[in-house]
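Report on one structure; see the data block that follows.
The values are calculated or read from the model by the stated rules, or taken from the named source; none is laboratory data. Bear in mind that the values here come from a model prediction, so they are computed numbers and not experimental data. Methodologically, a virtual Cβ is constructed for each residue, glycine included, from the backbone with ideal geometry; neighbour enumeration extends over all protein chains shown.
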């Protein structure tokens, strides 16, 4: 799956409409194989983004959990640390 699509469920503060749409755009880009659709395909691309946005919003509002909400800032900090470790230059012996 595309690494740019982030989990959106069970965060404090809750997910925004813009975040849901951004994830839908990333998904459609991944599935279609194109970053920006041609003029011929723009309507289909935007329709797919809208359909996935609606489906994602429905899913996120329907899910339930007993786990406490995750803190966005703390999760972002963890992701930064993982990224630094992953892309750190190799150590020389």
Tell me, yes or no, whether the stretch 64-72 has at least one residue that is part of a loop (DSSP other than H, G, I, E, B), surrounded by 11 or more Cβ atoms within 10 Å (Cβ to Cβ) and modelled with pLDDT under 95.
-> yes
So which residues in the stretch 36-45 are in contact with a helix residue (DSSP H, G or I) (Cβ under 9 Å, 6 or more places away or on another chain) and either under 24 Å from residue 78 (Cα atoms) or outside any loop (DSSP other than H, G, I, E, B) (or both)?
-> 44, 45
Residues located in the stretch 43-69, provided they are in contact (Cβ under 8 Å) with a residue 40 or more places away in the chain and closer than 15 Å to residue 16 by Cβ = 56, 57, 60, 69
Kindly indicate whether any position in the stretch 18-35 is assigned to a loop (DSSP other than H, G, I, E, B) and either surrounded by 17 or more Cβ atoms within 10 Å (Cβ to Cβ) or touching a residue at least 60 places away in the same chain (Cβ under 8 Å) (or both).
-> no
